[in-house]
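Remarks on the structure that follows.
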Amino acid sequence: MQAKTWSNPLVRWIDDRMPVFTLMQEHLVDYPTPKNLNYWWNFGSLAGIVLVVMIATGVFLAMHYTPHVDYAFESVERIVRDVNYGWLMRYLHVNGASMFFLVVYIHIFRGLYYGSYKAPRELLWILGVLILLAMMATAFMGYVLPWGQMSYWAATVITNLFSAIPLVGESIVTWLWGGFTVENPTLNRFYAFHYLLPFILFALVFLHLWALHTKKSNNPLGVDIKGPQDTIPFTPYYTMKDMFGLGVFLIFYLYFVFFAPDFFGEPDNCIKANPLQTPAHIVPEWYFLPYYAILRAITFDIWFISAKLIGVILMFGSILILLFLPWLDRSKVRSGRFRPIYKQFFWIFIADCILLGYIGGKPAEGHFIWIGQLATAYYFAFFLVIIPIVSLIERPRPVPESISAAVTKGKAASGQAAAAAPAE
């Protein structure tokens, strides 16, 4: 990295000893970015901004929260009612979790469609999956902290799943609980982990960005950058584009914060946890519903493997399978724009994920069971069967030689159309 000469003497003095300003100039201003990125590429930066909001509001809430089963519920009520702007911090944090998962899911689906997991960005994709896993662990532990009815029973049900693991399952559950039931040690453990994991998440995001800036961004065409003619500086072009996207996103986000703060929550969680009274229907937060549907999909034992253990394996497998996607898809073409067969199955997959989310919020009875089983079967078939086969038999459409060639071709076509149009 070649140091830049700065006019400000203080900046020059600092940068000469630690080139932080040169690093920022190189990666935030002059960073060469594909010139054809669309608004689907905004969601990565939005996820980073929401993460900062979540950490900042979380630190504030931690100052006033009491991690004890006798006081946790009341301390949350006090934050909302008595602490100055405590209501704002809590609703930013609670709804921020939903916004975080929303933008990350869109970010992942965009990567699936445009082939952002393909070489040479395999490590970038793997780090993204690890970020998702860290997010899920952080969100689950945070959901327990208000110590409402749904918090308590969700913790009981989910932690009990580990008991299905042969030999060590019971020991894992006992360690998670800190005893033989969900009680005060459990709440203290979850509070400690919920405070620690966001910083681990931040470290993973840093590695994710490092991998991104090493191999550069993918683009809607899925073609590699051929030279300077294919790129533009990150600032001001994409900085302004990200700011516009942030403005639109904040309108959506803050609507829920100010006008519907409990929209994503469960009414039962407004009741203090009672170990002697089970809610009629235990459901996790909306962003866990597809995995919850997969967990409950298998209702029968297979040989010596219990249905509970199979459900746990499928639930974790539904996320871990993403790690192997770069090697399951053998197509030479990245972008779904040029893959007509893959594109059709991709949109069916999107609908399948939405269906799984719907089934996860319904009781495991009647027709919801077999619908959930079919949706689960398609989920895994998409990765293990459809993608490998389609990548071998599909004949993709011609891919442009470069980003600039596609842009030039589009302008030429527009110019020819304008010349052919009759004069008024």
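Is there a residue being surrounded by fewer than 19 Cβ atoms within 10 Å (Cβ to Cβ) and under 28 Å from the mean Cα position of the chain (by Cα) anywhere in segment 2-12? Even if it seems obvious, please write down each step before you answer.
Looking only at segment 2-12, we keep the residues that are surrounded by fewer than 19 Cβ atoms within 10 Å (Cβ to Cβ), and these are 2-12.
Filter once more, so that each one left must be under 28 Å from the mean Cα position of the chain (by Cα): none.
No, segment 2-12 contains no residue that is surrounded by fewer than 19 Cβ atoms within 10 Å (Cβ to Cβ) and under 28 Å from the mean Cα position of the chain (by Cα).
In segment 42-62, is there at least one residue being surrounded by fewer than 16 Cβ atoms within 10 Å (Cβ to Cβ) and over 23 Å from the mean Cα position of the chain (by Cα)?
Checked against the condition, which is being surrounded by fewer than 16 Cβ atoms within 10 Å (Cβ to Cβ) and over 23 Å from the mean Cα position of the chain (by Cα), segment 42-62 yields at least one hit.
Could you please tell me which pairs satisfy a Cβ distance under 8 Å, a separation of 6+ or placement on different chains, a first residue in segment 379-393 that is in a helix (DSSP H, G or I), and a second residue that is surrounded by 15 or more Cβ atoms within 10 Å (Cβ to Cβ) and polar (S, T, N, Q)?
379/318; 380/318; 390/331; 391/331
Can you spot a residue in segment 72-87 that is more than 27 Å from the chain's Cα centre (by Cα) and at pLDDT below 95? Explain how you work it out, then say what you get.
From segment 72-87, those more than 27 Å from the chain's Cα centre (by Cα) are 72-75, 77-85; that's our starting set.
So of that shortlist, the ones also at pLDDT below 95 come out as none.
Taking every residue of segment 72-87 in turn, none turns out to be more than 27 Å from the chain's Cα centre (by Cα) and at pLDDT below 95.
Per-residue answers, yes or no, for (1) among the polar types (S, T, N, Q); (2) free of Cβ contacts under 8 Å to residues at least 24 places away in the same chain; (3) not in a helix (DSSP H, G or I):
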| position | (1), (2), (3) |
| --- | --- |
| 312 | no, no, no |
| 315 | no, no, no |
| 345 | no, no, no |
| 363 | no, no, yes |
| 373 | yes, no, no |
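Checking residue 300 against (1) farther than 21 Å from residue 136 by Cα; (2) assigned by TED's automatic domain parsing to the domain that holds residue 353; (3) in a helix (DSSP H, G or I), only one condition comes out false. Which one?
(3)
Hey, residue 27 hits all of (1) of a type outside the set (D, E, K, R); (2) over 30 Å from residue 325 (Cβ atoms); (3) at pLDDT below 95; (4) surrounded by fewer than 16 Cβ atoms within 10 Å (Cβ to Cβ) but one; which does it fall short on?
(2)
Just wondering, is there one or more residues in segment 137-148 that are in contact (Cβ under 8 Å) with a residue 40 or more places away in the chain, surrounded by fewer than 17 Cβ atoms within 10 Å (Cβ to Cβ) and under 15 Å from the mean Cα position of the chain (by Cα)?
Filtering segment 137-148 for residues in contact (Cβ under 8 Å) with a residue 40 or more places away in the chain gives 137-148.
Imposing the further condition that a residue be surrounded by fewer than 17 Cβ atoms within 10 Å (Cβ to Cβ) reduces the set to 137.
Keeping just the survivors that are under 15 Å from the mean Cα position of the chain (by Cα) gives 137.
Taking every residue of segment 137-148 in turn, at least one turns out to be in contact (Cβ under 8 Å) with a residue 40 or more places away in the chain, surrounded by fewer than 17 Cβ atoms within 10 Å (Cβ to Cβ) and under 15 Å from the mean Cα position of the chain (by Cα).
Being among the aliphatic types (A, V, I, L, M) and outside any helix (DSSP H, G or I) is the requirement here; does residue 83 meet it? Step through it out loud before you land on a result.
Numbers: among the aliphatic types (A, V, I, L, M): yes; outside any helix (DSSP H, G or I): yes.
Yes, satisfied.
Kindly establish whether residue 268 is more than 30 Å from residue 401 (Cβ to Cβ), in contact with a helix residue (DSSP H, G or I) (Cβ under 8 Å, 6 or more places away or on another chain) and not hydrophobic (A, V, I, L, M, F, W, C).
Yes; evaluated as a whole, the condition is true for this residue.
Please state which one of 18, 99, 24 is among the aliphatic types (A, V, I, L, M) and in contact with a helix residue (DSSP H, G or I) (Cβ under 8 Å, 6 or more places away or on another chain). Outline the logic, then answer.
Details: 18 fails: in contact with a helix residue (DSSP H, G or I) (Cβ under 8 Å, 6 or more places away or on another chain); 24 fails: in contact with a helix residue (DSSP H, G or I) (Cβ under 8 Å, 6 or more places away or on another chain).
Step by step, each of 18, 99, 24 is checked, and only 99 is among the aliphatic types (A, V, I, L, M) and in contact with a helix residue (DSSP H, G or I) (Cβ under 8 Å, 6 or more places away or on another chain).
Restricting to segment 157-204, name every residue that is surrounded by fewer than 15 Cβ atoms within 10 Å (Cβ to Cβ), within 28 Å of the chain's Cα centre (by Cα) and not in a helix (DSSP H, G or I).
Selection gives nothing.
Is it the case, given these coordinates, that residue 289 is assigned to a loop (DSSP other than H, G, I, E, B), surrounded by 13 or more Cβ atoms within 10 Å (Cβ to Cβ), modelled with pLDDT of 95 or more and at negative phi? First the steps, then the outcome.
Working: assigned to a loop (DSSP other than H, G, I, E, B): no; surrounded by 13 or more Cβ atoms within 10 Å (Cβ to Cβ): yes; modelled with pLDDT of 95 or more: yes; at negative phi: yes.
No.
Among the residues that make up segment 348-359, is at least one of them modelled with pLDDT of 95 or more, more than 29 Å from residue 38 (Cα to Cα) and not acidic (Asp, Glu)? Even if it seems obvious, please write down each step before you answer.
Step one: list which residues in segment 348-359 are modelled with pLDDT of 95 or more, which gives 348-359.
So of that shortlist, the ones also more than 29 Å from residue 38 (Cα to Cα) come out as 358-359.
Narrowing the set further to residues that are not acidic (Asp, Glu) leaves 358-359.
Scanning segment 348-359 turns up at least one residue that is modelled with pLDDT of 95 or more, more than 29 Å from residue 38 (Cα to Cα) and not acidic (Asp, Glu).
Are there any pairs, at least 6 apart or on different chains, whose C-beta atoms fall under 7 Å, with the first in segment 56-82 and under 14 Å from residue 190 (Cβ atoms) and the second of a type in the set (S, T, N, Q) and part of a helix (DSSP H, G or I), and if so, which?
Every condition considered, the pairs that remain are 65/75; 66/75; 67/188; 68/184; 69/184.
Does residue 272 qualify as being outside the structural domain of residue 218 (by TED's automatic domain parsing), basic (Lys, Arg), under 23 Å from residue 115 (Cα atoms) and surrounded by fewer than 19 Cβ atoms within 10 Å (Cβ to Cβ)? Lay out the reasoning, then the answer.
On the way: outside the structural domain of residue 218 (by TED's automatic domain parsing): yes; basic (Lys, Arg): yes; under 23 Å from residue 115 (Cα atoms): no; surrounded by fewer than 19 Cβ atoms within 10 Å (Cβ to Cβ): yes.
No; evaluated as a whole, the condition is false for this residue.
Which of the numbered conditions does residue 92 fail, given that it passes all the others? Conditions: (1) over 30 Å from residue 391 (Cβ atoms); (2) in a loop (DSSP other than H, G, I, E, B).
Every condition holds for residue 92 apart from (2).
The values are calculated or read from the model by the stated rules, or taken from the named source; none is laboratory data. This structure is a prediction, so every number in the text was calculated from the model and none was measured. Note that each Cβ is placed from the backbone with ideal geometry, even for glycine, and that neighbours are counted across all protein chains shown.
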